[in-house]
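Below: the structure, in structure tokens.
Only the coordinates and a few stated rules stand behind these numbers; no lab work does. Just so it is clear, the structure is predicted and the values come from calculations on it, not from any experiment. A quick note on method: Cβ atoms are made from the backbone with ideal geometry, for glycine too, and the neighbour counts reach across all protein chains shown.
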Amino acid sequence: MTPSPAKTQKFSITTPLYYVNDLPHIGSAYTTIAADVVARFHRLVGHRVLMITGTDEHGQKILRTAQERDVPPQQHCDQVAAGFERLWQQLNIAYDRFSRTTAERHHAIVNQFFQRVWDQGDIYKGQQQGWYCVSCEEFKEERDLLPNKHCPIHTNKPVEWRDEQNYFFRLSKYQESLEKLYAEQPDFIQPETRRNEVLSFVKRGLQDFSISRVNLDWGFPVPTDPEHTLYVWFDALLGYVTALQDPSETPDLDAAIAQWWPINIHLIGKDILRFHAVYWPAMLMSAGLPTPGRVFGHGFLTKDGQKMGKSLGNTLDPVELTEKYGADAVRYYFLREIEFGKDGDFSETRFINVLNADLANDLGNLLNRTAKMAARYCKGRVPDVDASVISPDHKLKALGQPLADTVTVAYTNLNFSRACTSVLALVQASNKFLDEQAPWSLYKQGKQAETEQVLYAVLESVRLAAYLLSPVIPAISIDIYRQLGFDADFNDKSIGDRLPFSDHACWGYLPAGQPLGQTSPVFQRLELPQAMPTT
Ligand code: MSP
């Protein structure tokens, strides 16, 4: 059993700060759900956790969207940012800070950071020529463009030619330091495929990149030359730093860094890897700040093989999906079904089948059947069994005992699918065990002790499953725990103190004789949508 790490251990994680060019889509929800699960797992083991999310509100893309809607840009940002916050409530995302890049306090941090980089001599003025993708907010190499001069990610958008005076950041100066970082901290970029992509990009030789724009006033002015506006990415990455301070504190770079820096994990999609794994650490080095622990670039949710996105307009509405099926269903499906790091296609049929199989049948029915039997055969209490005397060879004990270790490794490696399937393996074995042991017939034969032994082992396995899955399906886990007689709230940020991992992650913790709560199904079976009539 993994010893519970010291309570004071700190852990911080970020999602990207999402562009507010449109309402959130399922891709943004995917990253945020994953980050929330990691944050919740760390809270469960007793760590002090800071989870940061937020919105990226400056730049040409946002300005154009606001203009198209004929709304002042700040008003547009306020409206869309509120939509993100609403979705996070709906999806039960327990973030600690919501960082908005148009916040006044963020401006103060950006200015202080710029000054440090400026004092280092790492910013100079030069001529920028090249193809710009407004949807990516990034200059593209000509050789990376599609033949019709469209961006390979935003295939419906032509890139725009730019030839202007910009301020540049001396990225090339950090070539060696970055290579050293990647060598000394091999898990800095994950997964391996993403790391290799970055290594080969850096090996080709780093070029300085422009950090300002002209003819764009939706952003912070360059402190040393207010005619220029800071490039949206320079400003956005610093949103992570601004979020480190409580909004009630006076914004100050040193004070922010003193609290939680460096961030343990930046969770991002693979399209923004270069910014996080190359530009960002170099900017931090220039400002004399430590680099983050890990940058994990996950895959895309795709529709017909193409990245789902606001710019392509082929997204799935997370609000609708969550209203229809509930937060736990959405959270569980994406993490269980798609190997984190790889791309994954969404299909509603698969969605319904997975949820019915795992949550309604395997987990939900198991609890329901067993709790009803315990109500009848054991006077509504947890069966009177001393778990410590159950043989280590007992099928469910043998599977349950090492489970917390397996799941800890899986969550730590962001292998959510493995975490879910390992827990489900115990649940499936419990169903089989119940059918084989047939406690209903043991009871009829008057074998009370045997009946109680069987029911205890199954109820305890369900409890352990609920505890270890609580980062993914917190509402269902609360329901299961309450039905088992615990006063539990997996949404409580002090969960690691209230239901300590050192107790609850062990198979055998369920207290004998504990009065059970009311039984009710924890997950309603979902109906497959009616097939479209064929003509
Ligand atoms: N604003 C920048 C991030 C700045 S962080 C300092 C940005 N925003 S975004 O809204 O366009 O994208 C945010 C994240 O959502 C990215 O990590 C991106 O990979 C992810 N996704 C956007 N579409 C996606 C899918 N279809 N599937 C999975 N994630 C994708 O980039």
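Computed extension gain for T193 through Q401, at 0.36 nm per residue and net of the alpha carbon distance, reaches 71.5 nm. Fully extending the segment from K379 to T349, taken as 0.36 nm per residue of separation minus the present Cα-Cα distance, adds 6.7 nm.
Which is the longest run of the chain containing none of the GluC sites (Glu not before Pro) found in DSSP loop states (not H, G, I, E, B) with at most 13 other C-beta atoms within 10 Å?
Numbers: sites that count: E141, E249, E527.
The reported range is 250-526.
A cut-off of 5 Å between modelled amide H atoms, ignoring neighbours fewer than 5 places along the same chain, links S99 with T53, G54, T55. What residues of the range 248-282 lie in the reach of a label at D144, counting those whose backbone N is under 18 Å from a point 7 Å from the Cα along Cα→Cβ? Correct set: 268-282.
Dividing the summed -39500 (n - 2.57) terms of all DSSP H runs of n ≥ 4 by the residue count of the chain sets its mean residue ellipticity at 222 nm at -13000 deg cm²/dmol.
Dipole of the chain, Cα-centred, from +1 at each Lys and Arg C-beta and -1 at each Asp and Glu C-beta, to the nearest 20 debye?
Here the size comes out at about 1160 debye.
Between the Cα long axis of helix 416-437 and the first principal axis of the chain there is an angle of about 10°, rounded to the nearest 10. Picking from S172, Q120, T55, whose Cα lies most toward the positive end of the charge dipole for the chain (charges on Cβ: Lys, Arg +1; Asp, Glu -1)? Farthest towards the positive end: T55. Spatial offset of the range 121-159 relative to the range 216-269 amounts to 24 Å, using the alpha carbon center of each. As a test, work out the antiparallel percent of DSSP beta bridges whose residues both lie in the chain, rounded to the nearest 5. Close to 50 percent.
Between the alpha-carbon centers of the range 304-336 and the range 37-87, tell me the distance in whole angstrom. Here the answer is 17 Å between Cα centres.
Summing Cβ point charges (Lys, Arg +1; Asp, Glu -1) relative to the Cα centre of the range 348-504 gives a dipole of roughly 380 debye. In order along the range 443-458, phi translates into HN-Hα couplings of 5, 4, 7, x, 8, 5, 4, 5, 4, 5, 4, 5, 5, 4, 4, 6 Hz, rounded to whole numbers, per the Karplus curve 6.51 cos²θ - 1.76 cosθ + 1.60 with θ = phi - 60° and x for Gly and Pro.
Note on T302, T31: ascending count of other Cβ atoms within 10 Å places them as T302, T31, the fewest first. Here's the picture: charge each Lys and Arg Cβ at +1 and each Asp and Glu Cβ at -1 in the range 432-508, and of Y481, A438, C506 the one pushed furthest to the positive end of that dipole is A438. Evaluating 6.51 cos²θ - 1.76 cosθ + 1.60 at θ = phi - 60° for every residue in the range 493-505, the Karplus couplings come out as 5, 9, 3, x, 8, 6, 10, x, 4, 4, 9, 6, 7 Hz, glycine and proline recorded as x. Using R₀ = 60 Å, calculate the FRET efficiency as 1/(1 + (r/R₀)^6) where r is the Cβ-Cβ separation of S172 and D304; round to 0.05. In this case the efficiency is close to 0.90. Placing unit charges on each Cβ (+1 for Lys and Arg, -1 for Asp and Glu) gives the chain a dipole about its Cα centre, and among P191, F351, I13 the Cα reaching farthest toward its positive end belongs to F351. Counting only Cβ charges, +1 for Lys and Arg and -1 for Asp and Glu, the dipole size of the range 248-371 around its Cα centre is about 300 debye.
Between K493 and R116, the contour length at 0.36 nm per residue exceeds the Cα-Cα span by 132.1 nm. Loop-located trypsin sites (Lys or Arg not before Pro) in the range 164-245 (DSSP state not H, G, I, E or B) with no more than 15 neighbouring Cβ atoms inside 10 Å: R204. Rounded to the nearest whole Hz, the Karplus-based 3J(HN,Hα) values (6.51 cos²θ - 1.76 cosθ + 1.60, θ = phi - 60°) of the range 118-135 follow the sequence 4, 4, 6, x, 9, 10, 9, 8, x, 9, 10, 10, x, 8, 10, 9, 5, 5, with x at glycine and proline.
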